[in-house]
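Notes follow once the structure below has been shown.
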Amino acid sequence: MNDEKLILRIREVCNSPQPAHKREFFQYLQEHKMINQRLPVMSHGEFLTGQLLYIGKWIWIFSGLLLLFITWICYRHPGNYPFALTPFLALGILLETRRSFRWRMAELEHAARFSLRSVMLARLFLAGTVNTAGLLIIILIIRPYFSYSLIRVFLYMMVPYLTASWSGSVYERMHRSDHGLGSILICVLSSALFAAAPAFFSQLYEERMTVIWAAAFILTACSLAGNLREWARHMEEPVWN
């Protein structure tokens, strides 16, 4: 069966009903001068502000509580293990990447005014920026409670966070899952890895290892950026059309 016969057969089997009040609808559009009316141009700031409202409130609440908990841990019990908590900041971002697919909204969002790629990149940018800004504030607050320099505290906080973000984004790009168990497991394993690392490598937080931490920071940041670029490129693949 060729394509033309297949299309005709589908039309026969799936015959849609005639739209009701079609004439009244177009008359309403014409009376209100809505036909061929172009949508107003939206600036980048307005677009980002609009997307800020669509990010789940639980993400902001969870991130805020986690940052406060990290601050409290560093204040009461400073040590190596507070740095292992930062991978959980990536959890909200990772779950946000596949919310469209988990709620079966990808097809609709592909046909919206803004492309699904633009929407998701905007939301990831906002969530990532807020989390990073929160981490920087926390780093400045807890710095006096550590014997490490400011740059070392920054690296110790950011590398676990970027590691979880990168590995989780790779998983989310390759698996369009309906649940977030994979991302949750990745964040838990990343946290456990950095929490247990000093027990197996006691020199991990020594000053002479700062170069290794800096290299890890650059590597994870570049890997995350490259994976997000690849993920965004595949985001425009047709879903059902």
Q.
Just checking, does segment 109-131 include any residue being farther than 14 Å from GLY92 by Cα, at pLDDT 80 or above and not β-branched (Val, Ile, Thr)?
A. no
Q | Hits in segment 54-73 - residues which are touching a residue at least 24 places away in the same chain (Cβ under 8 Å) and not hydroxyl-bearing (Ser, Thr, Tyr) | A | ILE55, GLY56, TRP58, ILE59, TRP60, PHE62, GLY64, LEU67, ILE70
Q.
Out of everything in segment 177-207 that is over 18 Å from MET158 (Cα atoms) and surrounded by fewer than 12 Cβ atoms within 10 Å (Cβ to Cβ), what residue ends up being modelled with the lowest pLDDT?
A. ASP178
Q.
Please determine whether any residue of segment 46-55 is part of a loop (DSSP other than H, G, I, E, B), surrounded by 10 or more Cβ atoms within 10 Å (Cβ to Cβ) and at pLDDT below 80.
A. yes
Q.
closer than 25 Å to PHE201 by Cα, basic (Lys, Arg) and modelled with pLDDT of 65 or more: is that true of ARG76 in this structure?
A. yes
**Q.** Members of segment 138-150 found to be touching a residue at least 60 places away in the same chain (Cβ under 8 Å) and in a helix (DSSP H, G or I), listed by number
**A.** ILE138, ILE141, ILE142, TYR145
Q: Test GLN27 against the criterion of being polar (S, T, N, Q), modelled with pLDDT of 70 or more, farther than 30 Å from SER183 by Cβ and assigned to a helix (DSSP H, G or I), and give yes or no.
A: yes
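The values are calculated or read from the model by the stated rules, or taken from the named source; none is laboratory data. Just so we're clear, the structure is a prediction, and the values are computed from it rather than from any experiment. Here the Cβ is made from the backbone with ideal geometry for all residues, glycine too, and neighbour counts use every protein chain on show.
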